[in-house]
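Written out below as structure tokens is the structure these notes cover.
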Amino acid sequence: MFGRKQRDPEPVRRDKVMRLIQLGMAETDAADRDIDSPTFDKAKATFNAAKDRCTKAELAAAYDALRRHGY
């Protein structure tokens, strides 16, 4: 009755999580090929831009999936 109000959990949009997973895999693959290449720089910039548009819950879900699949 007098307890603190529970916060609503952050939304986890599946399309955002899937996009982060795809971009994370592309970044890792580009780094495995050549970390000094413009392909890696582009993949990293794209991944970071997508990261900035996501919630903490979406980032956590994407990182968990990437870790689970060995990326």
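Any read-out appearing in this document is the output of simple, stated calculations on the displayed coordinates, not a laboratory observation. Just so you know, these numbers come straight off a predicted model, no measurement behind them. Glycine also receives a Cβ, built like all others from the backbone with ideal geometry; neighbour counts cover every protein chain displayed.
Relative to the longest principal axis of the Cα atoms of the chain, helix 38-52 runs at roughly 10 degrees. Based on Cα contacts under 8 Å between residues 6+ apart, the chain shows a relative contact order of 47 percent.
Sorted fewest first by neighbouring Cβ atoms within 10 angstrom, Lys5, Lys42, Lys51 come out as Lys5, Lys42, Lys51.
Each peptide in 30-38, 56-64, 16-24 receives the mean, over its residues, of other Cβ atoms within 10 Å, and ordering these scores from highest gives 16-24, 56-64, 30-38. In degrees from 0 to 90, rounded to the nearest 10, what is the angle of the helix 14-33 Cα long axis to the longest principal axis of the chain? Approximately 30 degrees, to the nearest 10. Here is the P(r) of the chain: all C-alpha pair distances, binned every 10 Å from 0, give 20, 41, 23, 9, 5, 2 in whole percents.
In this Cβ point-charge picture (+1 for Lys and Arg, -1 for Asp and Glu), the chain has a dipole of about 540 debye about its Cα centre.
Taken one residue at a time, the phi angles of the range 58-71 give Karplus couplings (6.51, -1.76, 1.60, θ = phi - 60°) of 5, 4, 4, 5, 5, 5, 4, 5, 5, 5, 4, 9, x, 9 Hz. Gly and Pro are set to x.
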